[in-house]
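The values are calculated or read from the model by the stated rules, or taken from the named source; none is laboratory data. Remember, predicted model here, so these are calculated numbers, not experimental data. Backbone-built Cβ (ideal geometry, glycine too); neighbour counts: all protein chains shown.
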Amino acid sequence: MARIVSDKNLLNRFAADFVEVVEKNKLKYIIVSGFVAISHGRARGTEDIDLIIEKISPQKFLALHNDAVKAGFECLQGTNHERLFNDYLKENQSLRYAKKGQFVPEIELKLSKDALDEKQLNERTKLPLAGLPFYFSTIETNIAFKEELLKSPKDLEDARHLRIIYSEKIDEAKISGIKRLIRKFRLK
């Protein structure tokens, strides 16, 4: 049974600690999925924060990994950075980082894997209603992924919540365009 974290302040601090490592390494990143809704007041728990970074070399990953370890994180899949890069990131699999000695919350770290992820990284934004200094994928992108690809009851409720919060600002044409890209790149 998954242990779910519902303390928003704990999640914010945890995300800030990992984002600081990513920014120290001058990497472009976005936070996506459930944490976006939580940061906008949706009352629900999560065990991970999904973070996508630009494609990087094994050497850049080594620097990122070492800085994460120095900051008190550990990779739950192991310590061998070459294996982590080649067997996970290079194969479009995520790595999970948590604070040493803990299992939740965790960062689910992924490399950009296609033009859709590149689009998200290029359109990244700081969402003023979240009140956090992080880069997120756009609200339209989050809604599109939750409605078109993920579709779990929790994801659909997240999308409804974001639609309410941003009801005056949502670009429905953009959501439709992103859904087309999801069908092209992820549902083929």
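When we screen Ala173, Ala144 for residues that are of a type in the set (A, V, I, L, M, F, W, C) and surrounded by fewer than 15 Cβ atoms within 10 Å (Cβ to Cβ), the only hit is Ala173.
Return a yes/no flag: does the stretch 148-164 have any residue that is more than 14 Å from the chain's Cα centre (by Cα) and assigned to a loop (DSSP other than H, G, I, E, B). Yes. Filtering the stretch 55-64 for residues that are in contact (Cβ under 8 Å) with a residue 40 or more places away in the chain and closer than 30 Å to Leu162 by Cα leaves a non-empty set.
Is there any pair with a first residue in the stretch 75-103 that is without any contact (Cβ under 8 Å) to a residue 40 or more places away in the chain and farther than 15 Å from Pro58 by Cβ and a second that is surrounded by fewer than 17 Cβ atoms within 10 Å (Cβ to Cβ) and of a type in the set (Gly, Ala, Ser) whose Cβ atoms are under 6 Å apart and which are 6 or more apart or on different chains, and what are they? Matching pairs, first to second residue: Lys100/Gly72.
Regarding the stretch 3-23, can at least one residue be identified that is closer than 23 Å to Leu150 by Cβ, in a loop (DSSP other than H, G, I, E, B) and modelled with pLDDT of 95 or more? The answer is no; no qualifying residue exists. Within the stretch 140-164, the set of residues being of a type in the set (A, V, I, L, M, F, W, C) and either over 18 Å from Arg44 (Cα atoms) or modelled with pLDDT under 95 (or both) comprises Ala144, Phe145, Leu149.
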